[in-house]
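Some notes on the structure that comes next.
The values are calculated or read from the model by the stated rules, or taken from the named source; none is laboratory data. As the structure is a computational prediction, the values presented were derived from the model and not from experiment. Don't worry about glycine lacking a Cβ; one is built from the backbone with ideal geometry, like all the others, and counts go over all protein chains shown.
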Amino acid sequence: MGEAGLGVMDLVSVEGPAYILGDLDARMADPVDRSVTLEVSRAIERVPELVGFGPHLIATGVRL
C-alpha cells in the first residue's frame, strides 16, 4: 500500500484461525457454534501478532 501512495488505516484478518477447523461447515450451520466461531474471529482480527494467521486480509487505506 505504501508503494501505491496509500497509508494503512486498518488491517483486518478475514477468517482468522477458523479456516483450519476441519468441521467449519458444521460449526457455521449450528447457531451456537457459529456465534462462538465468529466471536473468536472478531476478537483477534486486529491483533497485530495474529493478523497474518488467516489466509486473507482486508486493508483500508487513504491517499497520502
Here are some conditions: (1) assigned to a loop (DSSP other than H, G, I, E, B); (2) under 30 Å from Glu3 (Cα atoms). Gly22 meets all but one. Which one does it not meet? (2)
Flag for Arg42 being assigned to a loop (DSSP other than H, G, I, E, B), of a type outside the set (Phe, Trp, Tyr) and under 8 Å from the mean Cα position of the chain (by Cα): no
State which residue pairs qualify: first residue within 7 Å of Ser13 (Cα to Cα) and inside region 44-64, second residue at pLDDT below 90 and part of a loop (DSSP other than H, G, I, E, B) in any location, beta carbons under 7 Å apart, and separation of 6 or more residues or different chains. Gly54/Val14; Gly54/Glu15; His56/Val14; His56/Glu15; Leu57/Val14; Ile58/Val14
Identify all residues within region 23-37 that are modelled with pLDDT under 95 and of a type in the set (Ser, Thr, Tyr); write none if there are none. Thr37
Does Asp23 satisfy being acidic (Asp, Glu) and in contact with a helix residue (DSSP H, G or I) (Cβ under 7 Å, 6 or more places away or on another chain)? no
